[in-house]
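The values are calculated or read from the model by the stated rules, or taken from the named source; none is laboratory data. All values reported here derive from a predicted model rather than from experimental measurement. Because the Cβ atoms are built from the backbone with ideal geometry, glycine has one as well, and the counts that use them run over all protein chains shown.
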Amino acid sequence: MDRNEPLLRSDWSIYRGGAISFANAEACALEKPFVDQVGGNAIFLSNDNRRIAIRRTHIAEVGANGVAFVGDTKAVRSALFEYKERQSLKDLDLITGPRNGSFPKDCVVEDSLIERAGRWEKQTPPIEISVSQDITIRHNSIYDVPRAGINVSDGTWGGHIIEYNDVFDTVKETADHGSFNSWGRDRYWGLTDIDANSITSGPSRKLPPLNSVKPTILRYNRFRCDNGWDIDLNDGSSNFLIYINLTLHGGIKLREGFFRNVENNVIVSNSLNAHAWCKGARTFSATISSSNNTRRSGW
């Protein structure tokens, strides 16, 4: 728990290391390990990593993150590091995408079991994605954790595919979170010299995709959260496609954000929860299906 560094615009920090660590690696595979009762992170992928596969892994009783993908924050344009930090549009870097390639990309976690992570650091999830692109999380079982099961803690730079996962018994020791959770907090979020409502039209509509350059896809998953939302898109999360998921208790939450399509999901015992939307955002930022839609979910 030493030498922590803040994640982007976050209220928590991370340690770049784990029982198993990857840095500046390419085309590696980690298969069938059992990581049990380590005090911090189990597996950590830091900065530039390409085509790393983590398969058939069992992670249990670890102190912090299960698997963490965290890129170099120097790759992020107009980066801020504290939740309450704000900047102005006139000072914003308006170039789309990253400054350099020092971040995890084209990696996968599949066919794995992660249980009882976050024994000491309660903010951490079994799978953490930050400053990364094109991360695939599929065919995993994740449960019994203090906060999110899968967390995408910023919009840089999207392209993630979250599919065929079973995530439940989450947010057991915290609150205001979900089995799947994301924060946006990208460059456009909370600008001091522009009304958020004006982002829904005109040139400002180009601001949200500056960081989230590719859509993040959630499909064919089963989520259950009894102390929060099954799917929680928080604080400006943008550019998401959410379809054919089964949510069993907490429903789907969309806080302010743009370019989200939510369709053909089965929502049990809840519905879609729209929080703090910008004026006019509905007209182009979300397509919402009925919570009673019973189309086959692929399970």
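Check whether at least one residue in the range 209-220 is touching a residue at least 12 places away in the same chain (Cβ under 8 Å) and over 19 Å from D186 (Cβ atoms), and report yes or no.
Looking for residues that are touching a residue at least 12 places away in the same chain (Cβ under 8 Å) and over 19 Å from D186 (Cβ atoms), one finds at least one in the range 209-220, hence yes.
Please go through the range 178-231 and pick out each residue that is within 16 Å of R77 (Cβ to Cβ), of a type in the set (S, T, Y) and touching a Ser or Thr at 6+ places or on another chain (Cβ under 7 Å).
Correct list: S212 only.
Scan the range 175-202 and report the pairs whose first residue is free of Cβ contacts under 8 Å to residues at least 12 places away in the same chain and whose second residue is surrounded by fewer than 19 Cβ atoms within 10 Å (Cβ to Cβ) and hydroxyl-bearing (S, T, Y), with Cβ atoms within less than 8 Å and a gap of 6+ or a chain change.
S198/S204
Residue-by-condition table, conditions (1) modelled with pLDDT of 95 or more; (2) closer than 27 Å to N211 by Cβ; (3) among the hydrophobic types (A, V, I, L, M, F, W, C); (4) surrounded by fewer than 17 Cβ atoms within 10 Å (Cβ to Cβ):
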| residue | (1), (2), (3), (4) |
| --- | --- |
| I252 | yes, yes, yes, no |
| E256 | no, yes, no, no |
| R260 | no, yes, no, no |
| A274 | no, yes, yes, yes |
| W277 | no, yes, yes, no |
| R282 | no, yes, no, yes |
| S290 | no, no, no, yes |
| N293 | no, no, no, yes |
| W299 | no, no, yes, yes |
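What tally of residues in the range 97-130 results from selecting those that are among the polar types (S, T, N, Q) and in contact with a Pro (Cβ under 7 Å, 6 or more places away or on another chain)?
Number satisfying all stated conditions: 0.
Restricting attention to the range 56-77, does a residue exist that is aliphatic (A, V, I, L, M), closer than 17 Å to L8 by Cβ, in a strand (DSSP E or B) and touching a residue at least 12 places away in the same chain (Cβ under 8 Å)?
yes
Which members of the range 13-35 meet the condition of being over 12 Å from R56 (Cα atoms), touching a residue at least 12 places away in the same chain (Cβ under 8 Å) and of a type outside the set (A, V, I, L, M)?
Y15, R16, G17, G18, S21, F22, N24, E26, C28
Against the definition (assigned to a loop (DSSP other than H, G, I, E, B) and on the phi > 0 side of the Ramachandran plot), how does G236 come out, yes or no?
yes
Is there a residue being within 30 Å of A196 (Cβ to Cβ), touching a residue at least 24 places away in the same chain (Cβ under 8 Å) and of a type in the set (D, E, K, R) anywhere in the range 97-112?
Scanning the range 97-112, I find at least one residue that is within 30 Å of A196 (Cβ to Cβ), touching a residue at least 24 places away in the same chain (Cβ under 8 Å) and of a type in the set (D, E, K, R), so the answer is yes.
Among the residues of the range 138-178, how many are at pLDDT 95 or above, farther than 16 Å from K214 by Cα and not hydroxyl-bearing (S, T, Y)?
Summing the residues that are at pLDDT 95 or above, farther than 16 Å from K214 by Cα and not hydroxyl-bearing (S, T, Y) in the range 138-178 gives 23.
Inspect all residues belonging to the range 29-48 and state whether any of them is over 18 Å from the mean Cα position of the chain (by Cα), surrounded by 15 or more Cβ atoms within 10 Å (Cβ to Cβ) and basic (K, R).
Among the residues of the range 29-48, not one is over 18 Å from the mean Cα position of the chain (by Cα), surrounded by 15 or more Cβ atoms within 10 Å (Cβ to Cβ) and basic (K, R), which makes the answer no.
Please determine whether any residue of the range 202-224 is within 20 Å of T124 (Cα to Cα), surrounded by fewer than 24 Cβ atoms within 10 Å (Cβ to Cβ) and either modelled with pLDDT under 95 or charged (D, E, K, R) (or both).
Within the range 202-224, one or more residues are within 20 Å of T124 (Cα to Cα), surrounded by fewer than 24 Cβ atoms within 10 Å (Cβ to Cβ) and either modelled with pLDDT under 95 or charged (D, E, K, R) (or both).
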